Amino acid sequence: MRAFLKAAAVSVLALAAALPASAESLADALVAAYTSSKILDQNEALLRAADEDVAGSVAGLRPVISFLGQSRYNDPAVSSVGTMQTTYSLVAQWTLLDFGRRQLGVQIAKETVLATREALRGLEQKILLQAVDAFVNVRLQSEIVALRQSNVRLIGEELKAAKDRFDVGEVTRTDVALAEARLASAQSGLVAAQGDLTTARERYKAVTGAYPGKLSALPKLPATPKSLDEARTLALATHPDILQAQRQVTVADLGLQAARAERLPTLKGEASISRLDQTGTDSKALSLTLTQPLYTGGAIASGQRAAFANKEAAQAALAQTAITIAESVGNAWSAVDVAQASIAAGNQQITAAQTAFDGVKEEATLGARTTLDVLDAEQELLNARAQKLTAEAQRYVGVYNLLASMGLLSVEHLKLGVPVYDPATYYNAVKKAPISVQGKALDRIMKRSGN
């Protein structure tokens, strides 16, 4: 599926190259991050490995059939004539009764698969959140660069005006020097902003697989719960970290059951048919073997204690995960509120700073204000605009971070319209430990998965 997504993406890009250039949307960035992520590739492969653990456990419920060939030379000192005997055997071994230990192994493997799926969902959220952050940050740094460029132009005009006024004796050389110093500072700020934009572009490429082109405007924010309590309740019910921790508790409980069952006996059956090559004589045998542990040096008791400790650890981890998620939701909710308040305050600050700047500049032309007053007022306006841009970016990313803290930042929830990796496809193909004919179907699935 992942190989198909990548091939589809290449085809779309090739088609797009023949069409007029259009702006890249946030959805484009999210899809690119999802389809190109090597971290997701890695963990999808780890999930398939966990699927195979189920197959291995299921195979353990079946008989094992082996072919044996043995040649033995009889020493003439024992036998009057040295002879070579060759025996061929077909042996079938099967564990008939182990009081559910192998079945517990299958259940542990299945629960581990489900836990690994939740871990993959958690990684998907992180990848998508990184894409949102990268997209918004490139836009923010681009706007900051534009703001800085405007600032350099404006201060350049102030410097020219100061020089003109100096030429006619209205200001001193100090006013000119102040304007020159402020222009140098503005140019330095522009260079720093351009560096931040370069860094943001590199991050965008690392997340999505390509440098950003022209980015479109940010779309409307997705809906969020109306209250913090509602957000927390939803998070504790659906977050992949919670579901993963719950599966791990189940795994630990099954492990404890398996450890306790180690004290019970095991009944194995064996059937064989052999042929002595020299004589063509066939022999058949059927046996039952009962094994009951009597003394293991404390190994079984130690295993039970370790399994019980692992269960306690898993339960504590589940409780701590719930605490961490509830805290994350609260922090994310608060961050959105703070950013929203900062935007409102920023609007008021910009309005006041713009009025102050216009007034100071007009007063300076009348000789009532100095060049330094004008430059300070302009700096206040610049800072207010930059702070508002930053607050808007923080609010936007904060909403997506809130979704991630609730476990809702997924391809399906965002309705990105891109085929998603289906973990059930591979699992269903291998869960019964396929061989021969079934293996051919599995080969086709592997080929479609790019493996």
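The values are calculated or read from the model by the stated rules, or taken from the named source; none is laboratory data. Since this is a predicted model, take the numbers as computed values, not measurements. No Cβ is skipped: glycine too gets one built from the backbone with ideal geometry, and neighbour counts run over all protein chains shown.
Key figures
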{"item": "Residue match in segment 218-232 (condition: charged (D, E, K, R), at pLDDT 95 or above and in contact with a Phe, Trp or Tyr (Cβ under 9 Å, 6 or more places away or on another chain))", "result": "yes"}
{"item": "Criterion violated by Gly280 - all others in (1) closer than 30 Å to Arg72 by Cα; (2) at pLDDT 95 or above satisfied", "result": "(2)"}
{"item": "Top-ranked residue of segment 181-238 - restricted to ones that are touching a Lys or Arg at 6+ places or on another chain (Cβ under 6 Å) and among the aliphatic types (A, V, I, L, M), ranked as farthest from Thr35 (Cα to Cα)", "result": "Leu190"}
{"item": "Of all residues making up segment 187-226, the number that are farther than 13 Å from Arg139 by Cα, aliphatic (A, V, I, L, M) and more than 20 Å from the chain's Cα centre (by Cα)", "result": "5"}
{"item": "Where a residue in segment 420-431 is in contact (Cβ under 8 Å) with a residue 12 or more places away in the chain and its partner, wherever it lies, is assigned to a loop (DSSP other than H, G, I, E, B) and of a type outside the set (Asp, Glu), with Cβ under 7 Å and at least six apart", "result": "Tyr421/Met1; Asp422/Met1; Tyr426/Ser449"}
{"item": "Among residues of segment 417-432, those that are surrounded by 17 or more Cβ atoms within 10 Å (Cβ to Cβ) and either touching a Leu at 6+ places or on another chain (Cβ under 6 Å) or small (Gly, Ala, Ser) (or both), counted", "result": "2"}
{"item": "Within segment 356-378, tally of residues that are surrounded by fewer than 18 Cβ atoms within 10 Å (Cβ to Cβ) and under 47 Å from the mean Cα position of the chain (by Cα)", "result": "1"}
{"item": "First in segment 163-181 and within 13 Å of Gly367 (Cβ to Cβ), second anywhere and modelled with pLDDT of 90 or more and among the basic types (Lys, Arg), Cβ under 8 Å, 6 or more apart", "result": "none"}
{"item": "Any hit, segment 282-293, residues being touching a helix residue (DSSP H, G or I) at 6+ places or on another chain (Cβ under 9 Å), free of Cβ contacts under 8 Å to residues at least 60 places away in the same chain and part of a loop (DSSP other than H, G, I, E, B)", "result": "yes"}
{"item": "Top-ranked residue of segment 60-116 - restricted to ones that are at pLDDT below 95 and among the acidic types (Asp, Glu), ranked as surrounded by the fewest Cβ atoms within 10 Å (Cβ to Cβ)", "result": "Asp75"}
{"item": "Residue selected from segment 117-158 under the condition within 17 Å of Thr198 (Cβ to Cβ), aliphatic (A, V, I, L, M) and without any contact (Cβ under 8 Å) to a residue 60 or more places away in the chain, by the criterion surrounded by the fewest Cβ atoms within 10 Å (Cβ to Cβ)", "result": "Ala146"}
{"item": "Top-ranked residue of segment 272-301 - restricted to ones that are of a type in the set (Val, Ile, Thr) and more than 12 Å from Thr87 (Cβ to Cβ), ranked as surrounded by the fewest Cβ atoms within 10 Å (Cβ to Cβ)", "result": "Thr291"}
{"item": "Selected residue (only one of Thr172, Thr233, Thr198, Thr224 is surrounded by fewer than 16 Cβ atoms within 10 Å (Cβ to Cβ) and under 24 Å from Ser25 (Cβ atoms))", "result": "Thr198"}
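To keep it simple, each residue is scored yes or no on (1) without any contact (Cβ under 8 Å) to a residue 24 or more places away in the chain; (2) in contact with a Ser or Thr (Cβ under 7 Å, 6 or more places away or on another chain); (3) surrounded by 18 or more Cβ atoms within 10 Å (Cβ to Cβ).
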| residue | (1), (2), (3) |
| --- | --- |
| Leu318 | no, no, yes |
| Thr390 | no, no, no |
| Arg395 | no, no, yes |
| Gly398 | no, no, yes |
| Gly407 | no, yes, yes |
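Yes or no, residue by residue, for (1) part of a helix (DSSP H, G or I); (2) over 30 Å from Pro434 (Cα atoms); (3) among the small types (Gly, Ala, Ser):
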| position | (1), (2), (3) |
| --- | --- |
| Leu61 | no, no, no |
| Ile65 | no, no, no |
| Ser89 | no, no, yes |
| Ile108 | yes, no, no |
| Arg121 | yes, no, no |
| Ala134 | yes, yes, yes |
| Leu140 | yes, yes, no |
